[in-house]
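The values are calculated or read from the model by the stated rules, or taken from the named source; none is laboratory data. Treat the numbers as computed from the prediction; the structure is a model and nothing was measured. Because the Cβ atoms are built from the backbone with ideal geometry, glycine has one as well, and the counts that use them run over all protein chains shown.
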Amino acid sequence: MSSRLVRLLSLPPGDWVRLVARVQEAELAPKPEFGIQFGAGGDTEAGELESMGTSDPSRAINIAWRFVDMGVERMMIESEGITENVRQWRTDVIQAILRELPMDKVMFEAAEPKVFNWYIREFGVDVNLFVDHS
């Protein structure tokens with residue numbers, strides 16, 4: 001049995017925009033995923049993530065607007081650093097994203113039932129969520 005190695009690919013914004021354009025040229029629907037916590041994985045401890053720091057939410061919002069302008073249908077917001085592997089949820093980040101971006105263009109990762117329930121209570125049934133069915 002072979003082991004699988006997963007790598008995180010980080011691209012400068014200009015390269016990311018060009019990659020999304022290439023995906024669109026191939027008549028595929030890109031769904032870029034981004035967040036405020038670089039290099040996080042679902043099993044990373046909150047303390048370790050805190051020591052790495054998070055990026056300013058405006059950075060994610062700015063690249064998201066570039067994708068919206070390109071016609072990207074939906075973008076995934078990674079939960080690490082926001083509601084996953086944190087001591088306290090960063091609801092300020094969620095609020096900033098939804099204040100600045102059209103709600104129908106973003107999808108939030110909701111890795112746990114309590115997170116899913118919170119999004120529905122706060123934003124109603126029209127909020128787009130990615131929920132792991134397991």
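Of note:
- Scanning the stretch 22-56 for residues that are farther than 20 Å from R99 by Cβ, among the small types (G, A, S) and either surrounded by 12 or more Cβ atoms within 10 Å (Cβ to Cβ) or modelled with pLDDT under 80 (or both) yields G39, A40, G41, G42, A46, G47, S51, G53.
- Within the stretch 57-74, residues that are closer than 13 Å to E33 by Cα and at pLDDT 95 or above have Cβ atoms under 9 Å from residues that are of a type in the set (K, R) and outside any helix (DSSP H, G or I) in these pairs: V72/K31; E73/K31; R74/K31, counting only partners at least 6 apart in sequence or on another chain.
- A Cβ distance below 9 Å, combined with a sequence gap of six or more or placement on separate chains, defines the contacts here; from the stretch 4-16, residues that are under 17 Å from M70 (Cα atoms) reach residues that are in a loop (DSSP other than H, G, I, E, B) and modelled with pLDDT of 55 or more in the pairs W16/P32.
- Here is the figure for the stretch 79-134: residues that are part of a strand (DSSP E or B) and of a type outside the set (D, E, K, R) total 6.
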